[in-house]
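The values are calculated or read from the model by the stated rules, or taken from the named source; none is laboratory data. Worth saying up front: this structure is predicted, and the values here are computed from it rather than measured. Note that we place each Cβ from the backbone using ideal geometry, even for glycine, and neighbour counts take in every protein chain shown.
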Amino acid sequence: MQDIYKIPSVPDYTTINRRINKLHVKINEHIENDIVIAIDSTGIKVTNRGEWMRHKWHVRKGYLKLHVAVDTDKKKIVSLEITSEEVHDGKILKKLVDNALEDNNVKRAIGDGCYDSKDNFQYLSTKSIHPAIRVRKNSSDKSIGCYGRMIVVLKQKRNCAKWKSSVGYGYRWVVEGVFSSMKRMFGEYVSARKFPNMVQEMIMKTSLYNMFTDIK
């Protein structure tokens, strides 16, 4: 009779949390055709009461930076990097593209002015990826060691609207839509307190987002 009323063993929160942090989840979405990726970043709060704490106690809690590369056709995240807020967006382009190239053939990379640098243009050239990056307004039209960037500078100075249309620069809105969807689904903050666990949490959320995009 005692076995009938025996309460089943259920893992507590600490056990579940520990197991989740040990999971090895990798964002590697395979898209069959050649893909165009849009690259951008967004901030993720480290606590959902961060704004109140800043106002009340005059402290700065900081935030994470979520860097992603999104396939503009399928609207799925094909590459992900998570850093602290101090890391500049332009320094993450190579990692994002390298991760995307593991399972996909990237033919074009779209990015705003944060990714404008000779190193990024040269890197994309070595990978045979067409750069659709907005350059700075005061950029020199001389090559200065990077012929590919010079061509983009000349095109944008001659007719920026025409350049945007030719490279599909307007598709940058796709990555903004992905950020908006993720924040509506999972919130604008992480619950974890340690940085490695914050990273794991965001990887899990990103993986779930990609799974949800398959549901029709």
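The set of residues from segment 75-96 being crowded, with 16+ Cβ neighbours inside 10 Å, under 21 Å from Arg136 (Cβ atoms) and touching a helix residue (DSSP H, G or I) at 6+ places or on another chain (Cβ under 7 Å) comprises Asp89, Gly90, Leu93.
Across segment 184-194, the qualifying residues are those that are in contact (Cβ under 8 Å) with a residue 12 or more places away in the chain and in a helix (DSSP H, G or I), and the one among them that is surrounded by the most Cβ atoms within 10 Å (Cβ to Cβ) is Phe186.
A single entry from Ser125, Ser140 fulfils the requirement of being closer than 23 Å to Lys164 by Cα and assigned to a loop (DSSP other than H, G, I, E, B): Ser140.
Residue-by-condition table, conditions (1) at pLDDT 90 or above; (2) farther than 13 Å from Thr42 by Cβ; (3) among the polar types (S, T, N, Q); (4) touching a strand residue (DSSP E or B) at 6+ places or on another chain (Cβ under 6 Å):
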| site | (1), (2), (3), (4) |
| --- | --- |
| Lys164 | yes, yes, no, no |
| Gly168 | yes, yes, no, no |
| Val175 | yes, no, no, yes |
| Ser181 | yes, no, yes, no |
| Arg193 | no, yes, no, no |
| Asn197 | no, yes, yes, no |
| Met202 | no, no, no, yes |
| Asp214 | no, yes, no, no |
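The residues listed here are Asn105, Asn120; of these, the one that is modelled with pLDDT of 90 or more and either under 17 Å from Trp173 (Cα atoms) or surrounded by 16 or more Cβ atoms within 10 Å (Cβ to Cβ) (or both) is Asn120.
Just the residues that are buried (at least 16 other Cβ atoms within 10 Å of the Cβ) and either closer than 19 Å to Ile39 by Cα or in contact with a Leu (Cβ under 6 Å, 6 or more places away or on another chain) (or both), please, taken from segment 149-167. Result: Arg149, Val152, Trp163, Lys164, Val167. The residue that is farthest from Asn120 (Cα to Cα), among those in segment 44-82 that are modelled with pLDDT under 90 and part of a strand (DSSP E or B), is Lys45. Flag: Lys94 matches the condition of being closer than 25 Å to Tyr209 by Cα and in a helix (DSSP H, G or I).
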